[in-house]
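Here's the structure, in structure tokens; my notes come after.
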Amino acid sequence: MRITTLAISWERAAHIAKHGVTPGEAREALETGTVLRGPNSPRDGRPTYIVRGRTYNGRRLRLLVKPVGQGLAFLITAREDRKSG
């Protein structure tokens, strides 16, 4: 799965701000990260993906995204990834 563009709604931007993550940091983590298959969405049963990456400053983040096609994915949430090595 290749994701090249991350769509972030105002609602999702406000949500990730509660986790201390900015939309810019989420995009940086996508650029540098690894995409892993995640759980199916509880709303529609379609797959979601986990992106584990780093910001340009080295901060480790974990994103949950939902691909919609042609390299575009919607951000569901993002937070610091404390489990990465």
At 222 nm, what helix-only mean residue ellipticity would the chain give, in deg cm²/dmol to the nearest 500, using -39500 (n - 2.57) for each DSSP H run of four or more?
-> -6500 deg cm²/dmol
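Please state the relative contact order of the chain as a whole percent: Cα pairs under 8 Å, 6+ residues apart? Walk me through the numbers on the way to the answer.
Working: 167 pairs, mean separation 26.9, N = 85.
So the answer I get is 32 percent.
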Taking the Cα centre of the chain as origin and charging only Cβ (+1 Lys, Arg; -1 Asp, Glu), how large is the dipole, in debye to the nearest 20?
-> 260 debye
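For region 22-85, build the convex hull from the C-alpha positions and give me its volume per residue in Å³.
87 Å³
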Nearest-5 percent of antiparallel DSSP beta bridges in the chain?
-> 85 percent
By the mean-Cβ-within-10 Å protection proxy, highest first, 59-66, 43-50, 13-20 rank as 59-66, 13-20, 43-50
How many nm separate the modelled label positions at Ile50 and Gln70, each set 7 Å beyond the Cα in the direction of the Cβ?
-> 3.0 nm
Cα lying deepest toward the dipole's positive end in the chain, options Gly24, Ser41, Ala14, charges on Cβ = Ser41
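Since every read-out is calculated from the coordinates, none of them should be taken as a lab result. Predicted model only: the values in this text are computed from it and were never measured. Positions of Cβ are backbone-derived with ideal geometry, glycine not excepted, and every protein chain shown enters the neighbour counts.
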